[in-house]
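A short worksheet on the structure shown next.
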Amino acid sequence: MDSRSRYEYWTDTQVRHITADRPDAAQRKDFRARITSLATATMEVHYAEMDAFSATRTQRDIRTVPSEELALFFLFEGSLQARQGDYQASSIGPDDFYLYDACRPQRLEFSRSRLIQFDLSRERLNAVCGGRAPAPGAVTDALRRSGLTPMLRLHLRQFPHAYYALSPQEHMVMQSATESLILTVISAALMSDSDATATSLRLAEAGRRYIHLHLDNPEFDIAAMVRHLGCSRAALYRAFKLAGVPVAAYLREQRLQKLHQMLRNPWETRPIAALAPLCGLYDIPNVNQMFRRRFGVSPSHVRQHETKRAVT
């Protein structure tokens, strides 16, 4: 294959449900990657060696190309910078794990890497984690602390070598056993922090209630919030991260949702510039951009659509 086509071939055929960046000069000149896959009717495992590349999955992607894909990455070599939504990027290095969830917006930046990707059953992971797939950052943090993780690392390091020595029937057995081991270790790692987790989740819920009560308060800030809740700023950030969304992102989402709801009221005729501050959105020049990025349309489009529908 022509060296200029390798990057496009890799991203078109092997990168699923996430949009790869356009190739840079180095990637256009020479991009190298190879993958070995093992697939059954219900599971897939992929062992990959690849040059650096980056990809992003946005809220728009999730709406237009929905996917339930859930996979655990284990890095043998290289690094991954992973950002979920507006989280501060997490650095994943050799012998580290990252849970890729196609239902969550995220950006992944791989260095030249060697890794294994184990596709998981969302239904089974939900079952062992209390009904909902945990946030990727929570899984990474829990596995870093768990005493069971070295056993899982040892098993996954053997997987690429064992693949070539086993029969197709033995492949299926090994794959099923590996999924069970992964789910068991993740569940145990998360449960080991159950008390701290419960406390953090209660703090996050109290924080969400405080935000809802103070959305339109021009003096609202994080400092006032932590004083009211009687916690540190770091504890509040950890609690929201564990709950699946950072404080700033949750606050912005609720403000945009409130504005969206007001614009859908056909009897609300005040200018958008007057409504935005009532939702805690004071940076008027950027409101339209934030709104469009979140909902895919402008605030005026929502108002016009709802007005037309009320008339008809």
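Read the figures in this text as sums done on the coordinates, not as results from a lab. Since we're looking at a predicted model, the values are computed, not measured. With ideal geometry, Cβ positions are generated from the backbone for all residues, glycine too; neighbour counts draw on all protein chains shown.
Would you mind telling me which residue in Q169, Q59, Q289 has the biggest mean-square fluctuation in a Gaussian network model of the chain, where springs connect alpha carbons within a distance under 10 angstrom? Largest GNM mean-square fluctuation: Q169.
FRET efficiency for the pair H301 and A249, taken as 1/(1 + (r/R0)^6) with r the Cβ-Cβ distance and R0 = 25 Å, rounds to 0.60. The trypsin sites (Lys or Arg not before Pro) found in the stretch 28-77 that occupy coil by DSSP, while having at most 14 further C-beta atoms within 10 Å, are R32.
Pair-distance distribution of the stretch 25-111: all C-alpha pairs, bin width 10 Å, starting at 0; shares per bin in whole percent are 15, 42, 38, 5.
Share of pairwise Cα-Cα distances greater than 31 Å in the chain is 42 percent (whole percent). Longest span of the chain, sites excluded, free of chymotrypsin sites (Phe, Trp or Tyr not before Pro) in DSSP loop with at most 14 other C-beta atoms within 10 Å? In short, 1-266. Remark on the stretch 148-281: hydrodynamic radius 18.8 angstrom, per the Kirkwood mean of 1/r across alpha carbon pairs. Helix content alone sets the calculated 222 nm mean residue ellipticity of the chain: runs of n ≥ 4 DSSP H residues at -39500 (n - 2.57) each, divided across all residues, give -16500 deg cm²/dmol.
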